[in-house]
Amino acid sequence: DIQLTQSPSSMSASLGDRVSLTCQSSQGIGNYLSWYQHKPGKPPKPMIYYATNLADGVPSRFSGSRSGSDYSLTISSLESEDTAIYYCLQYDEYPWTFGGGTKLELK
Amino acid sequence: QVQLKESGPGLVQPSQTLSLTCTVSGLSLTSNSVSWIRQPPGKGLEWMGVIWSNGGTDYNSAIKSRLSISRDTSKSQVFLKMNSLQTEDTAMYFCARKGNTPFDYWGQGVMVTVSS
């Protein structure tokens with residue numbers, strides 16, 4: 001199975017900060033990577049698909065990028081509503097696998 | 001609008017079979033694919049399997065021997081059956097539709113506890 005390693009596992013940042021979360025794949029998955037935002041008591045929300053495409057309704061402060069087997073989710077200016085756990089998912093090969101998540105909190 | 005809703009028993013005894021239903025609205029199962037995903041308490045997400053718009057299925061190999069996903073298109077329902085349940089199967093179970101992203105619309109989830 002393809003392993004996705006997310007870093008850091010948790011982090012805190014201040015309002016207005018630029019924040020980058022990373023997801024590293026154990027093997028090539030092309031651009032078949034998506035990001036999800038998960039808040040307590042709610043289902044995960046899609047944020048990015050195909051590595052760099054913004055999902056419907058997602059604010060433009062979110063962006064996705066890829067460098068080789070490293071994928072990043074960047075928030076250009078952190079807002080309070082962005083606190084959540086973020087998961088990456090690869091859907092290039094079965095079984096589709098999630099990373100372990102990054103918990104993002106406000107400092 | 002697209003909606004998905006999971007239903008099923010909140011408590012299942014060890015070694016028994018779990019049966020869950022995902023009822024969808026605002027979409028047709030003959031042109032949409034639906035996955036099941038679960039999350040044990042305090043842990044991450046696990047993709048379990050998918051039923052494609054053509055009725056074909058793919059499963060996570062880790063649980064494939066215990067899992068079956070099927071559907072009734074006339075009732076707009078997708079079913080999950082998993083046998084030989086153990087305490088490790090205690091989790092929130094979600095169904096989700098495949099759109100541009102693998103999972104663009106999700107149900108609210110149903111909590112399943114495996115306990116005697």
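The values are calculated or read from the model by the stated rules, or taken from the named source; none is laboratory data. A quick note: this is a predicted structure, and the numbers were derived from the prediction, not measured. Cβ atoms come from the backbone with ideal geometry, glycine included; neighbour counts cover every protein chain shown. Heads up: the accessible areas ignore ligands, DNA and RNA and are worked out on the full protein's heavy atoms, side chains in. Shrake-Rupley method; radii C 1.70, N 1.55, O 1.52, S 1.80 Å.
Per residue of B:98-111, how many C-beta atoms from partner chains lie within 10 Å of its own C-beta, taken as a mean?
What the average comes to for B:98-111 is 5.
Once both labels are modelled 7 Å past Cα along the beta-carbon direction, what's the A:GLN27-B:LYS5 spacing in nm?
Each label point lies 7 Å from its Cα, and together they span 4.2 nm.
Mind putting together the pair-distance distribution for chain A? All Cα pairs, 5 Å bins, whole percent per bin, short to long.
Going from the shortest bin to the longest, the percentages are 2, 14, 25, 27, 19, 9, 3, 0.
List the accessible area buried at the contact between A and B, summed over both sides and calculated with a 1.4 Å probe, in Å² to the nearest 100.
Interface between A and B: roughly 1700 Å².
Trypsin sites (Lys or Arg not before Pro) within region B:30-116: which are DSSP loop residues with at most 15 other Cβ atoms inside 10 Å?
B:LYS43
Could you please state, rounded to a whole Å, how far the C-alpha centre of region B:60-99 is from the C-alpha centre of region A:20-41?
Spelled out, the Cα-based centre of one part sits 23 Å from the other.
Dipole size in debye (nearest 20) for chain A around its Cα centre, Lys and Arg Cβ +1, Asp and Glu Cβ -1?
Rounded to the nearest 20 debye, it is 220 debye.
With every protein chain left in place, what is the accessible area per residue of chain A in square angstrom, probe 1.4 Å?
Accessible area per residue, chain A: 46 Å².
Just B:ASN32, B:ASN83, B:ASN54 to compare: in a GNM of chain B, with alpha carbon springs under 10 Å, which one fluctuates most?
B:ASN54
Rounded to the nearest 0.05, what FRET efficiency do A:GLU105 and A:LYS42 have when you use their Cβ-Cβ distance and R0 = 22 Å?
After rounding to 0.05, the efficiency reads 0.85.
Per residue of A:26-37, how many C-beta atoms from partner chains lie within 10 Å of its own C-beta, taken as a mean?
Numbers: counts 0, 0, 0, 0, 0, 0, 1, 0, 5, 1, 7, 0.
Across the residues of A:26-37, the mean count of other-chain Cβ atoms within 10 Å is 1.
I want to check the label-to-label distance for A:SER10 and A:SER67. Put each point 7 Å from Cα in the C-beta direction and report it in nm to one decimal.
2.7 nm
Just which residues of region A:68-90 lose 30 Å² or more accessible area with every protein chain there, against their chain alone, with the probe set to 1.4 Å?
Residues passing the criterion (a loss of at least 30 Å², heavy atoms only) are A:TYR87.
At B:ASN100 and A:GLU79, where each label point lies 7 Å from the Cα along Cα→Cβ, what is the point-to-point distance in nanometres?
About 1.9 nm separates the two model spin labels.
Name the residues of region B:39-58 whose amide N is less than 14 Å from a point 7 angstrom out from the Cα of A:TYR94 along the C-beta direction?
Answer for region B:39-58: B:47-58.
Show the residues, 5+ positions off or on another chain, whose built amide H is closer than 5 Å to the amide H of B:GLN108.
Close amide H contacts, sequence-distant or interchain: B:GLU6.
Only Cα pairs under 8 Å and at least 6 apart count here; give the relative contact order of chain B as a rounded whole percent.
36 percent
With θ taken as phi - 60° and the coefficients 6.51, -1.76 and 1.60, list the Karplus ³J(HN,Hα) couplings across region B:92-98 in order, rounded to whole Hz; mark glycine and proline as x.
With the stated coefficients, region B:92-98 comes to 8, 10, 10, 10, 8, 8, 8 Hz.
Summarise the accessible area of chain B (1.4 Å probe, protein heavy atoms) by the percent that is carbon and sulfur.
44 percent
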